[in-house]
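Q: So that we are looking at the same thing, I have put the structure below in C-alpha cells.
Nothing in this text is a laboratory measurement; each read-out follows from the coordinates by a stated rule. Quantities reported herein were computed from a predicted structural model and do not represent experimental measurements.
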Ligand code: ATP
C-alpha cells in the first residue's frame, strides 16, 4: 500500500529516553520525510544513537511515541519494523562470502535460490562490487566492506535505512568518495536514509536536511544551507563550522539592536575601499595571522577584547604578504544580509 505524500517516514512525538538521571533523549519532536537523506548531527553523548536505536527497535522510549509511515511502532520489536541498520563496524559474517552476506536477508525469508542470485547480482552492481560475490570479507578493503554492508541492508527493500556513523572507519579520502557514492545510491533506490554523524562536513555534504542535537534535544532542523547560513542558536553556530557571535553594545553599534547575531568568517572582507550602504563597515587591528595555504585566517580586534575571525582565500597573496598584516589597522566589511540573528 502506498502512503499519501504527506505521511512522514518517521515521526517522533515528545519522545524521551531517560536512563535514571541521564536524559539521553528529552522530549524530541521530529519528522523525516519519505525519500529524504536525513542526518542526525551532534557531539558525542548528545542522543543521536539512542534516537537511531529507538527507530530500529533496539531501544524503547520511556515516554512519547514513534511512528513509521503513520504506524505507531514505539513498542514493536525490531523484526516487525520495515527498517534496516548499517553499523559502523559493518557486522559482516566473516565465514560467509560476500554473496552469502548480501543474500542473508533473503535466505532467512526462504526466497528461492534463483531469485536470490538475481537480487544479489543487482545489489552488488548497485554498490559497484560486481564480480566480488565469492570473496570473503577479509579479502576486501574497508570501503568495499562498507558497500557489502549497504548491499546486505538494502536487499530486502526496507522502507527506512538507518546508518550509524557509516563512514567513521574510513580514511579521509575514501570517506569523501563514499559520501558522494552513498548519496548517489540513495537517490537511485529512493529509500529514506537516516544517518548519525558527529562530522558536520559529512552532514552538510550528504544530507537533504539535518537535525542538530545537543544534550538530548534537537537545537535546529533544516537544510545544510539553512543550518550553516542561519544557525538558530549559539550552539549550532559554533558546532557547524566556525562563527563569530556578536552581542550587547557592539552588536547595537553594528545593527541597531543588542540581539546576538552570528557572522561567518568567510563572509567578512578585509578592505581598503569605502563600503556601499548595504554593507557593514568596521575598523579593526589585526592581532593574529595564520597562513593555511588555501586560505588565511585573521584574528581582528574590533573593540577592546572583542575579536572577529576572518577568512580570506589566498588568491594572489603569498605567505609573506599575509603574515606582514599582523599589527596593522584594517577595515572590515560584510554584507548586511549575511548577519544571522540567533533565536536562543
Ligand atoms: P556518540 O556519538 O558518542 O555515539 P550519541 O550522540 O550517539 O554519542 P548516545 O549514545 O545516544 O549519544 O548517548 C546519549 C547519552 O545517553 C549519553 O550520555 C550516554 O552515556 C547515555 N546512555 C546511552 N545509552 C545508555 C545506557 N544503556 N545506559 C545509561 N546511559 C546511556
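Q: Cα axis of helix 172-189 to longest principal axis of the chain: angle in degrees, 0 to 90, nearest 10?
A: The helix 172-189 is inclined about 60 degrees to the chain.
Q: On to the next question. Please report the relative contact order for the chain, taking Cα pairs under 8 Å with a sequence separation of at least 6, and give it as a percent rounded to a whole number.
A: Value for the chain: 16 percent.
Q: Which shape class applies to region 266-335: rounded if a/c is under 1.5, otherwise prolate when a/b exceeds b/c and oblate if not, where a ≥ b ≥ c are the square roots of the Cα gyration tensor eigenvalues?
A: Details: a/c = 1.87, a/b = 1.31, b/c = 1.43.
In terms of gyration-tensor shape, oblate.
Q: Could you tell me the relative contact order of region 266-335? Use alpha-carbon pairs under 8 Å, at least six residues apart, and round to a whole percent.
A: Relative contact order, region 266-335: 47 percent.
Q: Which of 47, 35, 256 moves the most in a Gaussian network model of the chain with Cα springs under 10 Å?
A: The residue with the greatest mean-square fluctuation here is 256.
Q: Can you bin region 25-182 into rounded, prolate or oblate? Criterion: square roots of the alpha carbon gyration tensor eigenvalues sorted a ≥ b ≥ c, rounded for a/c under 1.5, prolate for a/b above b/c, oblate for the rest.
A: Oblate is the answer for region 25-182, as a/c is 1.5 or above yet b/c matches or exceeds a/b.
Q: A further question on this structure: Between region 280-333 and region 85-137, what is the C-alpha centre distance in whole Å?
A: Their Cα centres are 54 Å away from one another.
Q: OK, next. Could you bin all the Cα-Cα distances of the chain into 10 Å bins starting at 0 and give me the percent of pairs in each, rounded to whole numbers?
A: Bins of 10 Å from zero give 5, 21, 25, 21, 15, 9, 3, 0 percent of pairs.
Q: May I pose another question? What's the angle, to the nearest 10 degrees (0 to 90), between helix 113-126's Cα axis and the longest principal axis of the chain?
A: Relative to the chain, helix 113-126 is tipped by roughly 10 degrees.
Q: Can you give the angle from 0 to 90° between the axis of helix 98-108 and the longest principal axis of the chain, with both taken from C-alpha atoms, to the nearest 10?
A: The two axes meet at around 60 degrees.
Q: Okay, moving on. Return the single residue from 24, 169, 149 with maximal mean-square fluctuation; model: Gaussian network over the chain, springs between Cα atoms under 10 Å.
A: 169
Q: Report, to one decimal in Å, the Kirkwood hydrodynamic radius for region 216-302 based on all distinct Cα pairs. Spell out each step's value before the answer.
A: Numbers: mean 1/r = 0.0673 Å⁻¹.
For region 216-302, inverting the mean 1/r across all distinct Cα pairs yields 14.9 Å.
Q: What are the extents of the Cα atoms of region 88-167 along their three principal axes, listed from largest to smallest and rounded to whole Å?
A: 32, 28, 21
Q: Let me make sure I get this right: for region 191-260, a, b and c are the square roots of the gyration tensor eigenvalues over alpha carbons, sorted descending. Under 1.5 in a/c it's rounded, otherwise prolate if a/b > b/c, else oblate. Which is it?
A: prolate
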